[in-house]
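Asker: Below is one structure. I have some questions about it.
The values are calculated or read from the model by the stated rules, or taken from the named source; none is laboratory data. None of these values were measured; they are calculated from a predicted model. All Cβ positions, even for glycine, are placed from backbone atoms using ideal geometry, and neighbour counts span all protein chains on display. With ligands, DNA and RNA removed, areas are computed over all heavy atoms of the protein, side chains included. Shrake-Rupley method; radii C 1.70, N 1.55, O 1.52, S 1.80 Å.
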Amino acid sequence: MVLDNVFLFREIVVTVLLFFVTRFSIRSLFNKPSKKLPPGPKGWPIVGALPLLGSMPHVTLSRMAKKYGPVMFLKMGTCNMVVASTPDAARAFLKTLDLNFSNRPPNAGATHLAYGAQDMVFADYGPRWKLLRKLSNLHMLGGKALDNWAQVREAELGHMIRAMCDCSQRGEVVVVPEMLNYAMANMIGQVILSRRVFVTKGSESNEFKDMVVELMTSAGYFNIGDFIPSIAWMDVQGIERGMKQLHKRFDQLLTKMIEEHVASSQQRKGNPDFLDVVMAINRDKSISNEEKISLTNIKALLLNLFTAGTDTSSSIIEWALAEMLKNPSILKRAHEEMDQVIGRNRRLQESDLPKLPYLQAICKETFRKHPSTPLNLPRVSSEACQVDGYYIPKNTRLSVNIWAIGRDPDVWDNPLDFNPERFLSGKNAKMDPRGNDFELIPFGAGRRICAGTRMGVVLVEYILGTLVHSFEWKLPAEVRELNMDEAFGLALQKAVALAATVTPRLALNAY
């Protein structure tokens with residue numbers, strides 16, 4: 001009976017595939033574009049270029065671009081996709097044609113993780129998205145808001161380096177991403193909820209970190225159902241099933257946070273936090289119905305802020321420390337700069353950062369070589385357009401290969417080397433990672449640039465600087481060679497988490 005069911009299932013699958021092959025072939029005969037599309041690989045029937053991408057799409061697409069050019073066209077199932085792989089190509093799409101590519105295409109991540117695209121990352125470009133962005137900038141991510149919670153960053157970083165000192169005294173290694181995610185989640189929790197979300201580092205905080213990594217990984221997959229919607233119900237890769245399970249866990253966590261926050265509202269009278277401000281917005285009579293924020297919107301926004309706010313900055317700092325452990329001369333020079341500017345009797349302060357050009361160069365070099373998002377979140381064309389003489393049809397998905405731009409030998413000398421000095425003089429000295437210099441766009445660019453760009457730069461410089469200034473760093477004795485492999489996802493993780501031994505190098509009262 002079981003065998004009969006297996007054979008019956010196989011027959012159904014074969015029949016469905018034959019149906020789609022036939023329909024695809026007929027459509028292809030009658031729907032050949034008459035205008036010149038960008039060059040690209042032919043791909044396979046039905047699935048197009050999807051099988052060609054492999055497990056590391058950013059690397060594969062970079063290699064393809066060397067063959068087909070900086071603007072590349074791929075047929076992905078029933079969808080069109082264009083890939084930009086150079087600064088000029090990125091500028092054409094994200095600056096010149098920014099408005100035309102201001103929306104996101106529908107995808108499983110937006111549906112199953114982001115509450116049906118009710119968040120800020122995947123929402124359509126319109127009034128509600130603009131309001132969510134405005135609120136986030138005014139009360140958390142913008143310049144003035146960042147200044148207002150500087151003391152939170154300082155206090156939470158104090159907790160982290162003291163925990164690392166304790167590890168040193170016990171002879172334990174420091175697992176860097178665990179420490180970073182714990183500290184950053186608590187920083188963001190204090191701004192959003194007026195409290196640390198994890199009182200002690202342990203199983204609860206590690207589970208949160210694992211959930212964030214799982215979200216970033218699953219949201220980065222090229223899901224077949226996104227590109228062939230008619231077979232999305234099959235969930236061939238099992239991606240959507242995993243997303244739904246993960247969403248339930250996040251929803252339970254966010255619901256608990258919001259319920260506890262509402263219950264403690266009396267304690268914050270006259271001193272509202274970010275969530276208080278967002279929940280009060282619907283009481284503003286000047287807000288139109290299009291801009292009203294539902295509980296679902298609020299949960300989706302909190303999901304954005306907690307996940308992107310912890311994982312992307314954490315991965316950059318981890319990569320930077322790994323590069324310095326691999327290149328001890330860089331770590332030594334950073335220590336020398338900090339000892340000269342700050343000394344060893346106090347901790348690094350955010351006001352010190354402008355006086356530390358070598359530290360800033362290390363951060364820029366890490367943004368270049370290890371961008372937290374190797375492929376920008378996809379956008380989609382609202383109308384047909386022209387780029388470099390090529391026709392880009394309406395509803396074409398756009399992917400900018402930020403990883404490839406950072407490793408382009410026509411843009412960077414010896415791009416595979418980790419060389420902070422390239423940002424200290426010459427043409428790169430004034431280059432900034434905030435979206436205006438398309439050679440260095442780790443946060444994207446244009447209208448849909450990462451809302452947390454300013455916060456990301458501050459967190460990376462301040463936390464990395466504090467960790468470097470406060471400790472001597474060494475690999476554990478049993479580690480002969482540092483693993484620098486990547487694990488692909490929405491955020492570019494180290495395949496093997498960085499673990500190191502640390503030794504305090506400041507006066508004891510500085511900790």
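Asker: Using a 1.4 angstrom probe on the protein heavy atoms only, line up D273, D284, D388 by accessible area, largest first.
Answerer: D388, D284, D273
Asker: Still on this structure: Given a 1.4 Å probe and every protein chain left where it sits, what share in percent of the accessible area of the range 34-510 is carbon and sulfur?
Answerer: That fraction is 50 percent.
Asker: Also, quick follow-up: Give me a comma-separated list of calculated 3J(HN,Hα) values for the range 467-476, in order, Karplus coefficients 6.51, -1.76, 1.60 applied at θ = phi - 60°, integers in Hz, x for any Gly or Pro.
Answerer: Karplus-based 3J(HN,Hα) across the range 467-476 equals 5, 5, 5, 7, 9, 8, 10, 9, 6, x Hz.
Asker: Moving on. Report, in cubic angstrom per residue, the convex hull volume of the C-alpha atoms of the range 292-333.
Answerer: 51
Asker: Now a separate question. Please list H469, H247, H159 from largest to smallest accessible area, probe radius 1.4 Å, with all protein chains kept in place.
Answerer: Reading off the accessible areas and sorting them downward yields H159, H247, H469.
Asker: Which of the peptides 212-219, 79-86 is most tightly packed, and how do the rest follow, going by the mean number of other Cβ atoms within 10 Å of each residue?
Answerer: Descending packing order for the listed peptides: 79-86, 212-219.
Asker: Using modelled backbone amide H atoms (1.01 Å from N, in-plane), which distant-in-sequence or interchain residues come within less than 5 Å of V502's amide H?
Answerer: V174
Asker: Sticking with this structure for a sec: For K285, K130, K66, K209, write out the residues from largest to smallest accessible area, computed with a 1.4 angstrom probe and no ligands counted.
Answerer: K285, K66, K130, K209
Asker: Could you work out the relative contact order of the range 187-248, using alpha carbon pairs under 8 angstrom and six or more residues apart, expressed as a whole percent?
Answerer: Averaging sequence separation for qualifying contacts and normalising by length gives 21 percent for the range 187-248.
Asker: Ok, one more. Looking at the square roots a ≥ b ≥ c of the eigenvalues of the Cα gyration tensor of the range 284-398, which shape do they give, rounded for a/c under 1.5, prolate if a/b is larger than b/c, or oblate?
Answerer: Cα axes put the range 284-398 in the oblate bin.
Asker: Give me the accessible area per residue for the range 204-346, probe 1.4 Å, as a whole number in Å².
Answerer: The answer is 48 Å² per residue.
Asker: D for the chain, whole µm²/s, Stokes-Einstein with Kirkwood Rh over alpha-carbon pairs at 10 °C and 1.306 mPa s: what number?
Answerer: The diffusion coefficient I find is 65 µm²/s.
Asker: So what is the relative contact order for the range 34-510, in percent, with contacts set as C-alpha pairs under 8 Å and at least six apart?
Answerer: After rounding, I find 24 percent.
Asker: Which of the three applies to the range 100-141, rounded, prolate or oblate, going by the alpha-carbon gyration tensor with a ≥ b ≥ c and a/c under 1.5 meaning rounded?
Answerer: oblate
Asker: To continue, here is another question. Kindly report, to the nearest 10 Å², the accessible surface of R344 as traced by a 1.4 Å probe over protein heavy atoms only.
Answerer: 100
Asker: Which value in deg cm²/dmol, rounded to the nearest 500, describes the helix-derived mean residue ellipticity at 222 nm for the chain, given -39,500 (n - 2.57) per DSSP H run of n ≥ 4 and division by the residue count?
Answerer: Calculated mean residue ellipticity at 222 nm is -15000 deg cm²/dmol.
Asker: Can you list residues whose amide H is under 5 Å from V496's amide H, if they're 5+ apart or on another chain and H is modeled 1.01 Å from N?
Answerer: Those lying under 5 Å, H to H, from V496 are D485.
Asker: If amide hydrogens are placed 1.01 Å from N in the peptide plane, which non-local residues have theirs closer than 5 Å to the one on M76?
Answerer: A49, M81
Asker: Then there is this: Under a Cβ-Cβ cut-off of 11 Å, what is the net charge of the residues other than E318 that fall near it, where Lys and Arg count +1 and Asp and Glu count -1?
Answerer: Result for the neighbourhood of E318: -2.
Asker: Send over the semi-axes of the range 212-360's equivalent ellipsoid, whole angstrom and largest first, taken as the square roots of 5 times the C-alpha gyration tensor eigenvalues.
Answerer: One finds semi-axes of 39, 29, 14 Å for the range 212-360.
Asker: Separate question: Show me, for the range 134-140, the HN-Hα J-couplings you get by feeding each phi into the Karplus relation (A = 6.51, B = -1.76, C = 1.60, θ = phi - 60°), rounded to Hz, glycine and proline as x.
Answerer: 4, 4, 5, 5, 5, 10, 8
Asker: Going by the alpha-carbon gyration tensor, a ≥ b ≥ c the square roots of its eigenvalues, is the range 72-131 rounded (a/c under 1.5) or, if a/c is not under 1.5, prolate (a/b greater than b/c) versus oblate?
Answerer: The shape class here is oblate.
Asker: Give a residue-ordered list of calculated ³J(HN,Hα) values for the range 145-151 (Karplus: 6.51 cos²θ - 1.76 cosθ + 1.60, θ = phi - 60°; whole Hz; x for Gly, Pro).
Answerer: 5, 4, 4, 5, 10, 4, 5
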